[in-house]
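Undergrad: Input: one structure, supplied below.
Every read-out reported here was derived from the displayed coordinates using simple, explicitly stated rules and does not represent laboratory data. Keep in mind that this is a model prediction, so the values were computed, not measured. Every residue, glycine among them, receives a Cβ derived from its backbone with ideal geometry; neighbour counts consider all protein chains shown.
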Amino acid sequence: MSRSGKFKQPEPLCVSKKTISGYAEKIAKYIGYEPGDDIYEVINTLGGHIIYVHSWKEFVRHNQIDGTIVVRAPGDFDIFLASFYGMFETRFTLAHELGHYFLHSIDPNKEVLRPGEKPIFINRAKEEDKKKQRVEWEANRFAEAFLRWAYESIYNYTQGRANCWELYRG
Ligand SMILES: [Zn+2]
């Protein structure tokens, strides 16, 4: 069953890397997240649920049907995570999905930003779509700033194509 009827693919914010980084750092600070802290705990505290997917085939199916993240309401979202990712990919992926939550399920026109206000789901459809690429680029910039780790060397080559998914195809 497709969720596309109720949940929308988000629009990119189209703000600068600097703005996204500043926003991510502010959120990390507000939550009290320090580099190396347990990101599972952060997601739990925010009301997120992690659903593990154990095979690539199942993962692709979930991505097409449920997306990589489904945000229902403030403090209510599911992240579909491949159990076969390594530690670094897992941390980055979770931070990236948090990026979608904080950047793409808000109403940017409102004075008080409320993550989860706009129900969204992100899937792998329309990868060639410029809007979708920009949405992924923004979530990656959020993840980098949120984690503040030395990920640059691992993720540099994804920046040109602004597509996080290439990384996981091997
Ligand atoms: Zn994404």
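Undergrad: Among the residues in the range 49-68, are any closer than 17 Å to V135 by Cβ and touching a helix residue (DSSP H, G or I) at 6+ places or on another chain (Cβ under 7 Å)?
TA: Yes; the residues of the range 49-68 include at least one that is closer than 17 Å to V135 by Cβ and touching a helix residue (DSSP H, G or I) at 6+ places or on another chain (Cβ under 7 Å).
Undergrad: Among (1) more than 11 Å from the ligand (Cβ to nearest atom); (2) part of a helix (DSSP H, G or I); (3) of a type in the set (D, E, K, R), there is one condition E136 misses while meeting the rest; what is its number?
TA: Every condition holds for E136 apart from (1).
Undergrad: Additional query: So R91 ticks every box in (1) over 18 Å from A139 (Cα atoms); (2) within 16 Å of the ligand (Cβ to nearest atom); (3) of a type in the set (K, R) but one. Which box is left unticked?
TA: So the condition that R91 fails would be (1).
Undergrad: Another question, if that's okay. Looking at the range 103-124 only, could you name the residues that are over 10 Å from V71 (Cα atoms) and in contact with a Pro (Cβ under 7 Å, 6 or more places away or on another chain)? Lay out the reasoning, then the answer.
TA: Residues of the range 103-124 that are over 10 Å from V71 (Cα atoms), as a first pass: 103, 106-114, 123-124.
Selection gives I106, R114.
Undergrad: Right, another one. Among residues belonging to the range 94-124 that are surrounded by 21 or more Cβ atoms within 10 Å (Cβ to Cβ), within 12 Å of the ligand (Cβ to nearest atom) and not aliphatic (A, V, I, L, M), point out the one that is nearest to K8 (Cα to Cα).
TA: F121
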